[in-house]
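The values are calculated or read from the model by the stated rules, or taken from the named source; none is laboratory data. A quick note: this is a predicted structure, and the numbers were derived from the prediction, not measured. We place every Cβ from the backbone using ideal geometry, glycine too, and count neighbours over all the protein chains shown.
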C-alpha cells in the first residue's frame, strides 16, 4: 500500500532538516549549505544571510573564509549560481553544470564572432593570458586583468542595425566563461560582505567527477534526503533537467512512490520510517531573498498558501525575504534605511510567536550592524516593508 505523507508531517521535519530550529543550528557554513545541498549565490548577501539563519554563532570572518576558500561556486541548477561544499560539487558539475558551461561557451563564441569576428583560437589565447596573470599575481580584479590582457579590452557590436544596437566590452563575458568552466573563481568581496566588488583567482583542481547518469542519481538522492518527499515536478524544476533524465534519476536513486496532498510523490526508502510527526521545538526563522528553503519546491501549498505568493515573489519567480514558523511561511521582512528589521505577518499569531519573531529580528539586526543592503530582486512585500517607519505585526 502506498504510504501517505501529509503536509503537516513534511512541515514537522523542516526545522531539523534545514537547520532552522535553534537546537539544530550548526557552527560552519559548509554544514549549513549541506543541509540544503547548496546556497543560492546570485545575490551577494543571500549566502551570508542563509548561513547566518542556520548557525549558532556566525562569525563574519570565518564565514567569508569558508565561502570563498573552502566551497565551490557553480552555475548549475536552473542556470542559477550556487555555492556548495566540495562533497556536493562533483555530482552537481557532472549532472548539470558541465552542460550549462558548454552552452555558455557556444553562446560566447557566437557573441565574439558576430560582434568582433574573433574565433575559438582568439578566445583560447585570451583565456591562457588570464590564467598566466592570475598565476603570477595570485588574484586580480576585472579592471586589473583588462589592463594586463589586451584581448579583454576589445569591444563588440551587439544587435547591429537595430534600435537597441550597442557596443560592449568583452571582459566580463570572457571571465564569466572561465568561471563557469571552473578555471577561475571569485575572491572574497572587497569592502562589505554585501558588495559586488570582487577579484578573481585560479580555482583549485576539480575533484574527479562521476558519470553524468550516476551524478544525477546522487543529486536526486541528496535532494530527497533534504527536501523530500517531493513530486516529479518538484525534482524536475529544482534541477532544471528534462523529464526523461529526471525520471531515470529518481529510479536510479531508489526513490519510493508515496502519496502527497499534491498527488504522487517520491521519497528515499530509509526516510519513510521517519514520515510521522517529528518532535522538535517551536521555532521561527527569518530567511533572506532566494534562500534555498522557500525555493526548494515547485509545489508550495504545503508551506506557503497561494494567497500570499504575489506579495513574496517577483514577476520571474524569485522569492523575497520570508518569516517562518514551524515549517510554514507566515510573513515577510526587510531592512529599513535606518538598519532596523521590519516584519509583516499575514495572519494573527500567538503572543509567544510575536515575541520569538521580534527576538530573531533583533538577532539579525545586531549581526548585520551598520551594513545596509537591498535584495537584488525586489518583491512587493519587501519594498512595502522597507519603506515603513514602524514595526507592524
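Observations on the model:
- If you go through segment 104-121 and keep only what is more than 28 Å from the chain's Cα centre (by Cα), buried (at least 17 other Cβ atoms within 10 Å of the Cβ) and either at pLDDT 90 or above or not assigned by TED's automatic domain parsing to the domain that holds residue 158 (or both), you end up with 112, 118.
- Set side by side, the residues 311, 366, 352 differ, and just one is more than 17 Å from residue 47 (Cα to Cα), touching a helix residue (DSSP H, G or I) at 6+ places or on another chain (Cβ under 9 Å) and not in a strand (DSSP E or B), which is 311.
- Residue count for segment 203-223, restricted to those that are crowded, with 17+ Cβ neighbours inside 10 Å and closer than 30 Å to residue 138 by Cβ: 2.
A quick yes/no check of all residues on (1) assigned to a helix (DSSP H, G or I); (2) in contact with a helix residue (DSSP H, G or I) (Cβ under 8 Å, 6 or more places away or on another chain); (3) over 11 Å from residue 170 (Cβ atoms):
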| site | (1), (2), (3) |
| --- | --- |
| 115 | yes, no, no |
| 118 | no, yes, no |
| 121 | yes, no, yes |
| 125 | yes, yes, yes |
| 128 | yes, no, yes |
| 132 | yes, no, yes |
| 136 | yes, no, yes |
| 143 | yes, no, yes |
| 152 | yes, yes, no |
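- Only one entry of 314, 326, 347 meets the criterion of being surrounded by fewer than 23 Cβ atoms within 10 Å (Cβ to Cβ) and farther than 26 Å from residue 39 by Cβ, and that entry is 347.
- Inclusion of residue 352 among residues that are surrounded by fewer than 15 Cβ atoms within 10 Å (Cβ to Cβ), in the same structural domain as residue 295 (by TED's automatic domain parsing) and at pLDDT 95 or above is warranted.
- Qualifying residue in segment 268-279 (condition: at pLDDT 95 or above and surrounded by 16 or more Cβ atoms within 10 Å (Cβ to Cβ)): no
- Complete set of residues in segment 204-257 that are under 22 Å from the mean Cα position of the chain (by Cα), modelled with pLDDT of 95 or more and not in a helix (DSSP H, G or I): 228, 229, 230, 231, 240, 241, 242
- Segment 12-57, residues that are surrounded by fewer than 20 Cβ atoms within 10 Å (Cβ to Cβ), in contact with a strand residue (DSSP E or B) (Cβ under 6 Å, 6 or more places away or on another chain) and in a helix (DSSP H, G or I): none
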